[in-house]
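Report on the following structure.
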Amino acid sequence: MATIQQPAAHTVRRGVQPLRAGEGNSYVWHKLHSLLGIIPIGAFLIEHLISNFQALGGPVAYGKTVEFLNSLPMVHVLEWVFIFIPILYHGIYGLYIWLRGKSNVVYYPWSGNWLYLTQRYTGIIAFAFIIQHVIMERFMGVSLHDHPGAAFYKMQQTLANPWMVAIYVIGMLAACWHFSYGVWLFAAKWGITPGTRSRRRFGFVCVAGGVLLAVLGLGSIWAFVGPKYANAPQNVPISYLNAPAHTGAPV
Amino acid sequence: MAAPRIIVIGGGLAGLSAVIKIAEAGGTVDLFSIVPVKRSHSVCAQGGINAAKNLKGEGDTTWQHFDDTIYGGDFLANQTPVKGMCEAAPAVIDLLDRMGVPFNRTPEGLLDFRRFGGTLYHRTAFAGATTGQQLLYALDEQVRRHESEGKVRKYEGWEFLSAVIDSQGVARGITAMDLRSMELRSFPADAIILATGGVGAIFGKSTNSVVCTGSAQSAIFQQGAYYANGEFIQVHPTSIPGEDKLRLMSESARGEGGRVWVPRAAGDKRPVKQIPQSERFYFLEEWYPKYGNLVPRDVATRAIHKVVYELGLGLEGQPMVYLDLTHIDRATLDHKLGGILEIYEKFVGVDPHLEPMKIFPGMHYTMGGLWVDFNQMTNIPGIFAAGECEYQYHGANRLGANSLLSCIYGGFHAGPNALNYAKGLQPAEGDGGAAAELARQAEINASLLHSEGTENPFRLWRELGKTTTEHATVLRYNKGLKQADEKIQDLLDRYKKINLSDKSQWANTSFAFTRQLYNMLQLSRVVVLGALLRDESRGAHFKPDFPERNDEKFLKTTKASFTGDVAGPRFEYEEVDTQYIKPRPRRYDAAK
Amino acid sequence: MADKTVQLEIKRQASPEAPEMWEKFELAWRPGMNVISAMMEIAANPVTAEGHQTTPIAYDSNCLEEICGSCAMRINGRARMACSSLVENLEQPIRVEPLSKFPLVRDLQVDRSVLFENLKAVKAWVPVDGTYDLGSGPRVFPQQQEANYPLSNCISCTCCMEVCPQFNPATGFVGAATIAQVKLFNNHPTGKVFKEERLRALAGDGGIQECGYAQNCVEACPKQIPLTNAISDIGRDVMVQKVKDWLRG
């Protein structure tokens, strides 16, 4: 066909590419990320906050909880498979997700959009906090596996630094926020709450749950920094932890 | 022999219908559209689509539909094609239904039907108040399917400029311009189907979309095609006056029980809610007790005109009357009219559930268009036309909800006919005249780009719209029509001194518009002069000086052909096919 | 009120490679004015507020009734339809920019064809056997019609994609509009023949998993389409489909 060419034609840039229907594996990686956030990470978070709450009962009670956890079979395998690896995956893939999104709350200051943004910030805060928390408390200093009775004192020493208290409070709140909104998101995106009303109702449930977790977390921080157990012992011997119905002061 | 190549121009209901039929029959189609086809003007149709399915136990028949259509069109339409359309209508609805159009339903899960103007039957299938949108999408989806199977190639963002016609007078392709790169190109084809819609833009503001300029029809007309019944322009009784356009307020508002009224006392200052029933003038119901608010559009339009300009009863002295839905419960309104009420609320800022809408007639539709034979072919061999751009189905006035039907039926007809024609076509000699036609178009472009005048095309267009609306819509006087034609000639003169403020060669929308403007000016002469010559009143064409229909002289199709002379197009008249229904007086104040 | 004016600032760009620049315009105010009618006014008198001659603004528009989906642009930062953006509801000066997520053509014109490609990728149609007369369609109860009709109202304006933080070249996210169309066609008695294919398509790269559920789509949609509901429903369906596929091997 005949054409008449015009001089210096411009080219329109490439934009967002169409859907690659059925191609690639990103679906599986995304959904794995999503699922791991609930199970086991979320489940562990709940367990961990409840366990920590035992600290309000003092060094002995706290030591007992730690010892109980230590007594689980193959505890090292469990913590790698169900805690460290999932958290690493969830955190690193989450960063990847974050980097590819482009927040626009400046133009669209709607609540869902704010929550989208806060989910990313709380995620990165919680992830950074968890990394330092695990390194400091799990892999450095006295081994709590060998000395569960030292758990209380170890935390107390960490939190003797007011900066660390601030970091723990922020990290704790970020984790609770990220988890409770994450549960809501999970339900919305997996189609468990497909209607506007069901999402709103479930939103209340998630807020309540989040607040409860935050109270548990802050309560346990208080146990370590409050005056009640100011003179906690460096270590509570295992024999003492195992002694039945002991009420007296530590040795 | 290679498979025939068909070009379809226009991606509204008619164009897409043709494309689907051709693709289904094994042909390949190049589909040209200025806008992405899903944004075509068909999307604006609101009320519904007619078919005598008789699902309401009223004894409706396709014959009744045929009779209503012929009667509503004041007997000007050729009866054979109209009869075919009305008989095919129920199957068209079934097909659309199968394609997934979300028509409103009865509790039993069957199609629901509403009443529309010019009939006493519930004959209009509808999908809320956005039927055109839903129909267009259904066809768009089917075309997308054929496109993904490689049977259709879309050229969206290309504007048709002219047909390529060989030395034998046979169409061999088209020339078109890419509206982005401004590239000119010719495309060979064995047959061409024009489905380029309405001509609203020659009236400046209308209910039509921006692309409805009639430019393509006009181009073909200037290449030798007859343009028929151009003077028949439908003015919709209920539109929302606006700064940029007149927004349609669907006839379905009246179909669902909407009532048109004004306060009996001129200049009544009371808030609308405080005006008691007895002081409201429901003029359509009083003047036309049988059809009431559902008289045909030309009748309603003239009634509103009379109330405003003769009786001086326009709201607050303005050219507006009430269209009242406030007596209908909210659920029904939202269910059946949601889309259009939302439009009114968005653009006017008043909730029509609570307050009557203020409306006024606005230019809406052209019954006239390219002359075609019963096979949808124009007098240029190889060029077919379907949809609003041709003249065939509506006579002197179109009934509401018949346009969607005529588009789809016309397209379904034109597609296979074009394919058949193409199969029997002898190959072109050489390029069939493509290079010469392309050179002609390039010259037009060059001369526009180098024009060093003072006239702004958009201002010329406004002047055109003002004069056509004033003289060639509801009431027509020969003196005014003559003035209008002189004005158009003046505008054609001034067009030569046009100055493009944008001479760039990339996505130059005002350049494209300026090209369209020339064609609009040429076509508007057909409308105005056709009206001038028709000294009678028939359907939408109303001359107060000749208030009666004159079958002896004017029961004829007007056929205009381009001459290129200053005197304007040449007009001739053709007998109308009235073999089935004998013409009788058209009255809506009593049973017919 | 005769001298009341409207001030606009419009972002101009003569071609994809040309530099961006802002031009100011001041127009006489008229009742009922919207952003498109303001730009029509500029076309008839292309002079900036400073008195410089300029070119008419290139923009897409067609129906001016918010049904064709052409005239989406960013007005005062927000993606919306220009025809229904009434001047009196906007803070002045009114800042008009092209959509930011789509390749620019000129001024306010962008290329949004990606949406139509996405609709192809999910087979967004009802595969009828043919257009010949096969009798009436399947029965659809009014409740089903009422559920599907809103989804069928999508005007392809791409506002939902523009406002989505996840819709960008990195994710290649398909966007809410296409997901809603999948729900529409999967709901249709005949359209559902491709249900599994559509769901698998949406699990491809750029698929439904990229949704971050910021819910901007549903806020921005000029047609109030229940987009988030569609994402939730289809999200579940895709998951179920993937699990089924996995179990079947």
Does A:Ala55 fit the bill of being within 14 Å of chain C (Cβ to nearest Cβ) and at pLDDT below 95?
-> no
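Look at C:Ile57 and say whether it is assigned to a helix (DSSP H, G or I), in contact with an Asp or Glu (Cβ under 8 Å, 6 or more places away or on another chain), crowded, with 20+ Cβ neighbours inside 10 Å and aliphatic (A, V, I, L, M). Reasoning before the result, please.
Working: assigned to a helix (DSSP H, G or I): no; in contact with an Asp or Glu (Cβ under 8 Å, 6 or more places away or on another chain): yes; crowded, with 20+ Cβ neighbours inside 10 Å: yes; aliphatic (A, V, I, L, M): yes.
Criteria not met by C:Ile57.
Check A:Ile97, A:Ile85, A:Ile125 and return the single one that is assigned to a helix (DSSP H, G or I), modelled with pLDDT of 95 or more, more than 14 Å from chain C (Cβ to nearest Cβ) and more than 11 Å from the chain's Cα centre (by Cα).
Working: A:Ile97 fails: more than 14 Å from chain C (Cβ to nearest Cβ); A:Ile125 fails: more than 11 Å from the chain's Cα centre (by Cα).
Residue meeting the stated conditions: A:Ile85.
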Residue list for the range B:534-554, filter: more than 22 Å from the chain's Cα centre (by Cα) and open to solvent by 10 Å² or more (accessible area, probe 1.4 Å) | B:Asp535, B:Pro544, B:Asp545, B:Phe546, B:Pro547, B:Glu548, B:Arg549, B:Asn550, B:Asp551, B:Glu552, B:Lys553, B:Phe554
Of all residues in the range A:185-210, count the ones that are touching a residue at least 12 places away in the same chain (Cβ under 8 Å) and more than 9 Å from chain C (Cβ to nearest Cβ).
-> 7
The one condition A:Val207 fails out of (1) within 30 Å of C:Gly207 (Cα to Cα); (2) among the aliphatic types (A, V, I, L, M); (3) within 14 Å of the chain's Cα centre (by Cα) is (3)
Since A:Ile135 meets every condition but one in (1) over 22 Å from A:Asn231 (Cα atoms); (2) touching a residue at least 24 places away in the same chain (Cβ under 8 Å); (3) open to solvent by 20 Å² or more (accessible area, probe 1.4 Å); (4) of a type in the set (A, V, I, L, M, F, W, C), which condition does it not meet?
-> (2)
Residues located in the range A:78-97, provided they are open to solvent by 80 Å² or more (accessible area, probe 1.4 Å) and within 16 Å of A:His145 (Cα to Cα) | A:Trp80
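Given the options B:Leu55, B:Leu76, name the one that is open to solvent by 30 Å² or more (accessible area, probe 1.4 Å), part of a loop (DSSP other than H, G, I, E, B), of a type in the set (A, V, I, L, M, F, W, C) and in contact with a strand residue (DSSP E or B) (Cβ under 8 Å, 6 or more places away or on another chain).
On the way: B:Leu76 fails: open to solvent by 30 Å² or more (accessible area, probe 1.4 Å).
After applying the criteria, what remains is B:Leu55.
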If we ask which residues in the range C:6-38 are free of Cβ contacts under 8 Å to residues at least 60 places away in the same chain and either within 11 Å of another protein chain (Cβ to nearest Cβ) or of a type in the set (A, V, I, L, M) (or both), their number turns out to be 14
Residue count for the range B:495-542, restricted to those that are in contact with a His (Cβ under 7 Å, 6 or more places away or on another chain) and assigned to a loop (DSSP other than H, G, I, E, B) = 2
The lone exception for C:Glu41 - which of (1) at the interface with chain B (Cβ under 10 Å from one of its Cβ atoms); (2) part of a loop (DSSP other than H, G, I, E, B); (3) open to solvent by 10 Å² or more (accessible area, probe 1.4 Å) it fails = (2)
If B:Glu108 passes every condition in (1) closer than 17 Å to C:Phe141 by Cα; (2) surrounded by fewer than 24 Cβ atoms within 10 Å (Cβ to Cβ); (3) at the interface with chain C (Cβ under 7 Å from one of its Cβ atoms) but one, which one does it miss?
-> (3)
Tally time: how many residues in the range B:485-501 are closer than 14 Å to B:His450 by Cβ and of a type in the set (D, E, K, R)?
-> 2
Scanning the range A:45-87 for residues that are free of Cβ contacts under 8 Å to residues at least 40 places away in the same chain and of a type in the set (Phe, Trp, Tyr), which turns out nearest to A:Ser180 (Cα to Cα)?
-> A:Trp80
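Name the single residue that is nearest to the other protein chains (Cβ to nearest Cβ) among those in the range C:168-181 being hydrophobic (A, V, I, L, M, F, W, C) and open to solvent by less than 10 Å² (accessible area, probe 1.4 Å). Break it down into steps so the answer makes sense when it comes.
Looking only at the range C:168-181, we keep the residues that are hydrophobic (A, V, I, L, M, F, W, C), and these are C:170, C:173-174, C:176-177, C:179-180.
Still in the running and open to solvent by less than 10 Å² (accessible area, probe 1.4 Å): C:173-174, C:176-177, C:179-180.
Working: C:Phe173: 7, C:Val174: 4, C:Ala176: 12, C:Ala177: 12, C:Ile179: 10, C:Ala180: 13 Å.
Only one residue fits best here, namely C:Val174.
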Please enumerate the residues belonging to the range B:555-579 that are surrounded by fewer than 16 Cβ atoms within 10 Å (Cβ to Cβ) and assigned to a loop (DSSP other than H, G, I, E, B).
-> B:Thr563, B:Gly564, B:Asp565, B:Val566, B:Ala567, B:Asp577, B:Gln579
Residue that is nearest to the other protein chains (Cβ to nearest Cβ) [pool: residues in the range C:186-214 that are buried (at least 24 other Cβ atoms within 10 Å of the Cβ) and under 25 Å from C:Met81 (Cβ atoms)] | C:Ala214
Out of curiosity, is A:Tyr116 within 9 Å of chain C (Cβ to nearest Cβ), hydroxyl-bearing (Ser, Thr, Tyr) and either crowded, with 19+ Cβ neighbours inside 10 Å or under 30 Å from A:Leu241 (Cβ atoms) (or both)?
-> yes
Failed item in (1) part of a helix (DSSP H, G or I); (2) more than 26 Å from B:Val295 (Cα to Cα); (3) without any contact (Cβ under 8 Å) to a residue 60 or more places away in the chain; (4) of a type outside the set (Lys, Arg), with B:Trp63 passing the rest = (2)
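Within the range B:23-52, how many residues turn out to be at positive phi and crowded, with 24+ Cβ neighbours inside 10 Å?
Step one: filter the range B:23-52 for residues at positive phi, giving B:26, B:48.
Now restrict to residues that are crowded, with 24+ Cβ neighbours inside 10 Å: B:48.
Residues flagged as at positive phi and crowded, with 24+ Cβ neighbours inside 10 Å within the range B:23-52 amount to 1.
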Evaluation of B:Ala138 against (1) farther than 25 Å from B:Asn293 by Cβ; (2) in a loop (DSSP other than H, G, I, E, B); (3) touching a residue at least 24 places away in the same chain (Cβ under 8 Å) (one fails), failing number = (2)
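Can C:Ala230 be described as more than 7 Å from chain A (Cβ to nearest Cβ), under 23 Å from C:Cys71 (Cα atoms) and assigned to a helix (DSSP H, G or I)?
no
Being open to solvent by less than 20 Å² (accessible area, probe 1.4 Å), of a type in the set (Val, Ile, Thr), under 22 Å from B:Arg264 (Cβ atoms) and in contact with a strand residue (DSSP E or B) (Cβ under 9 Å, 6 or more places away or on another chain) is the requirement here; does B:Thr366 meet it? Explain how you work it out, then say what you get.
Working: open to solvent by less than 20 Å² (accessible area, probe 1.4 Å): yes; of a type in the set (Val, Ile, Thr): yes; under 22 Å from B:Arg264 (Cβ atoms): no; in contact with a strand residue (DSSP E or B) (Cβ under 9 Å, 6 or more places away or on another chain): yes.
The answer is no for B:Thr366.
Counting only residues that are touching a Cys at 6+ places or on another chain (Cβ under 9 Å) and more than 9 Å from chain B (Cβ to nearest Cβ), give me the helices (runs of 4 or more DSSP H) lying completely in the range C:111-167 with at least 2 of them. Outline the logic, then answer.
Working: elements: C:113-121, C:142-152, C:159-162.
Where helices (runs of 4 or more DSSP H) fall fully within the range C:111-167 and carry at least 2 residues being touching a Cys at 6+ places or on another chain (Cβ under 9 Å) and more than 9 Å from chain B (Cβ to nearest Cβ), they are C:159-162.
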Is one or more of the residues making up the range A:147-169 exposed (fewer than 15 other Cβ atoms within 10 Å of the Cβ) and of a type in the set (Gly, Ala, Ser)?
-> yes
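The values are calculated or read from the model by the stated rules, or taken from the named source; none is laboratory data. All of these numbers come straight from a predicted model, not from anything done at the bench. Reconstructed Cβ throughout: ideal geometry from the backbone, glycine too, with neighbour counts over all protein chains shown. Please note that ligands, DNA and RNA were not included when accessible areas were found on the heavy atoms of the full protein model with its side chains. Shrake-Rupley method; radii C 1.70, N 1.55, O 1.52, S 1.80 Å.
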